[in-house]
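Everything below concerns the one structure shown next.
The values are calculated or read from the model by the stated rules, or taken from the named source; none is laboratory data. Just so we're clear, the structure is a prediction, and the values are computed from it rather than from any experiment. Ideal geometry is used to build each Cβ from the backbone, glycine not excepted, and the neighbour counts take in all protein chains shown. The area values use the complete protein model at the heavy-atom level, side chains included, leaving out ligands, DNA and RNA. Shrake-Rupley method; radii C 1.70, N 1.55, O 1.52, S 1.80 Å.
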Amino acid sequence: GLPVALPTLPLELTVLYNSLLFTVGASDSAIKEEAGGIRQGLLRVLEACGACGQDLDTEELWEKVLQEVTVEELQAPLHRLGALQAAWWLADSRLESVAGLFQLLSTAEDPGRAHCSEGQNKLLSVIKAWQVPPEGPSLPLVQSAKDLKEILCTAAAFLQGLQELEAGNFPTAFSLLQEATGGFCSKKVLAQIYTSLGCCAQRMGKPQTALQHLKRSLQVDIQCLPALSHVAAVYHELGETDAELQALTLLYEALEKSPPAAASSSPYFLMRTELLVHTPVLTSLLRRHHPSEVKYLLAQRCLQDRRVADAVEHYLDFLSLLQEGLQQQVPLHGSSALPRIPEVFLEAASALEQAGRHQDAIIVCEEVISRTTDLIPRVLRVEERLEQPECSLPRAELAGGLLSQKESLCCLAWRTAGYLHQGWAWAKLGKSKEAITQFSRCLSDLLRVQLHGSGVKPTENLQPEVEVLQKIRLLSLIGRGTQFLELGRHKEALLDFQHSLQISPSDPAAASFLVQVLWKLNRKQEAVAQWQKLSQSCPEEDGQQQRQGRSLPLYLVSCLEQAMFPHSEALARSIQDYLGVAAQDT
């Protein structure tokens with residue numbers, strides 16, 4: 001409220017500079033709001049010089065002050081205040097405003113200094129071109145303008161690198177991030193920059209370079225655990241499963257031991273790089289996994305790599321975490337690595353089956369079946385129309401209200417997959433009648449789905465769910481047919497295998513089982529005709545079958561393998577012998 005006086009303005013601007021830095025340093029959180037004190041200071045400078053700028057925005061105000069105020073004593077404090085203004089704009093990602101301000105600051109000193117050479121980054125060039133004003137002994141600063149300039153250069157390179165990374169301009173992003181590694185920042189931020197470099201290199205198709213930078217990140221700051229999760233992802237991409245599992249194990253142990261670390265930034269600076277760079281892409285790259293997410297990834301990768309014993313151990317650990325209230329601790333949507341909880345149960349059942357723990361698998365599947373029973377309508381009509389876009393429903397809301405078609409199809413897939421796994425588990429235990437009962441329950445539930453419309457194909461929105469249900473129907477028919485064969489009920493087996501071929505005419509397992517049952521029924525000419533048709537199926541169809549297996553949910557892969565025909569060579573020899581005898585008789 002004091003009247004403005006030109007002789008005291010340098011002191012007033014220096015006090016403003018220091019107080020803003022103290023405010024930033026005390027909050028220790030990312031800068032988000034405009035620095036209103038700077039605008040007020042500029043207006044007082046204009047007032048002291050007999051000018052006015054109330055109707056100007058902040059950028060126009062800076063332009064007016066730097067062009068019209070020529071008092072020598074005001075230049076240094078104005079330049080320091082300008083650098084602080086640039087920090088606020090940089091934190092708000094107003095890069096053009098920052099570049100324009102430094103262009104003005106450099107032009108005010110020397111019209112030729114702000115020139116940007118071709119191929120150089122404009123923003124970094126104009127910041128580097130700015131000449132830091134000298135500090136007077138009578139006006140101490142809580143943070144020097146020289147240090148502030150270095151922090152601005154680092155933050156500008158880091159921020160632009162992240163923006164280019166998000167835009168998919170990977171070479172430019174890599175160059176800018178490399179520039180940032182040589183800047184002025186804490187170990188914590190340097191580790192974040194190296195992590196960003198590693199992710200950029202990975203997206204450029206340079207996994208070894210990515211690993212170098214991610215490991216460098218961990219050397220700089222061992223608490224930068226997101227770098228370790230990215231290391232695991234790179235090893236997964238390279239197919240180095242041992243290294244991937246080792247990285248995930250280390251990550252899980254580190255997350256179990258240490259809570260999220262407090263900011264390890266340098267205590268010497270009030271304005272720091274981490275206060276200026278806070279973008280969604282950086283938040284995504286540095287997302288800290290919950291230990292249970294890593295535990296699930298370990299279980300999933302072990303199951304995919306046929307490390308069945310390890311997979312069972314990890315899945316059971318994860319299921320015990322569920323009993324402890326995991327759903328309240330971890331976000332089960334968005335960027336979380338966790339799938340839907342019923343799918344985890346079914347994957348666990350698959351692991352248990354492969355480990356020979358068939359009774360345990362049956363119990364786990366019963367949990368899925370009982371939880372989804374009341375969620376599926378008696379008749380599920382799949383209409384030929386586009387559904388409105390819908391967000392995923394929270395787990396807690398599944399039981400309340402009417403589910404969407406997509407959710408209902410998912411619930412039906414989980415329930416019928418539970419019956420399918422139980423059927424195969426009973427079959428492995430030698431209980432064919434119990435197996436037939438579970439396969440039949442699966443097929444009965446699948447009759448609830450009705451396609452309505454001018455055609456039979458569902459909309460693209462529902463296509464994946466319908467395809468999974470069709471695969472479950474196919475595997476259940478094959479499974480029940482094999483158990484009918486075990487009991488000598490060949491005619492019932494024949495019907496199931498014929499039906500399975502109607503669902504998937506090119507399925508080699510269904511075709512092979514059909515040949516076998518025809519042979520057992522002494523319908524040998526029909527069996528030979530089917531076998532010859534199967535033998536003539538082109539390799540492209542076999543490749544298509546393999547691709548379909550890879551596209552299946554993980555919890556169905558073991559069922560697909562159990563449905564494969566086990567007696568191909570013996571059946572082929574029997575048919576060849578029969579054809580040889582028939583040729584001799586002719």
Legend entry - Label point at ARG288 placed 7 Å out along Cα→Cβ; residues across the stretch 199-221 whose backbone nitrogen lies under 17 Å: 218, 221
Inset, instruction - Please give the contour-minus-distance gain from GLN576 to SER535: 0.36 nm per residue of separation, less the Cα-Cα distance, rounded to one decimal in nm. - result: 13.5 nm
Inset, instruction - Return P(r) of the stretch 159-256 (all Cα-Cα pairs; 5 Å bins starting at 0; whole %; ordered from short to long distances). - result: 3, 16, 24, 24, 19, 10, 5, 0
Legend entry - In nm, spacing of pseudo-spin labels at ASP57 and SER138 (7 Å Cα→C-beta vector): 3.9 nm
Inset, instruction - Compute, for ASP147, the solvent-accessible surface of its heavy atoms (probe 1.4 Å) with the complete set of protein chains present, and express it in square angstrom to the nearest 10. - result: 40 Å²
Legend entry - Straight-distance crosslink candidates among lysines, where the alpha carbon sits under 28 Å from LYS128 and sequence neighbours closer than 8 are dropped: LYS32, LYS64, LYS146, LYS149, LYS187, LYS188
Legend entry - VAL449 long-range amide H proximity, modeled H, under 5 Å: LEU380
Inset, instruction - Determine ³J(HN,Hα), in whole Hz, for all residues of the stretch 285-294 in sequence, where each value follows from phi through the Karplus function 6.51 cos²θ - 1.76 cosθ + 1.60 and θ = phi - 60°; x replaces Gly and Pro. - result: 5, 9, 4, 8, 6, 6, x, 5, 5, 5
Legend entry - Computed label-point distance, nm, for sites LEU429 and LEU447 using a 7 Å Cα→Cβ extension: 2.6 nm
Inset, instruction - Would you mind calculating the gained length between ALA167 and ALA355 on full extension (0.36 nm times residue separation, minus the Cα-Cα distance), in nm to one decimal? - result: 63.1 nm
Legend entry - Additional length obtainable on full extension of the chain from THR107 to GLN502, 0.36 nm per residue less Cα span: 134.3 nm
Inset, instruction - Using a 1.4 angstrom probe on heavy atoms only, work out the carbon and sulfur share of the accessible area of the stretch 454-530 in %. - result: 48 percent
Inset, instruction - Take the Cα of ARG523, step 7 Å along the line toward its Cβ, and report every residue of the stretch 477-495 whose backbone nitrogen sits under 15 Å from that point. - result: 485, 489-495
Legend entry - Inter-label distance for SER440 and GLU96, nm, one decimal - labels placed 7 Å from Cα along Cα-to-Cβ: 7.3 nm
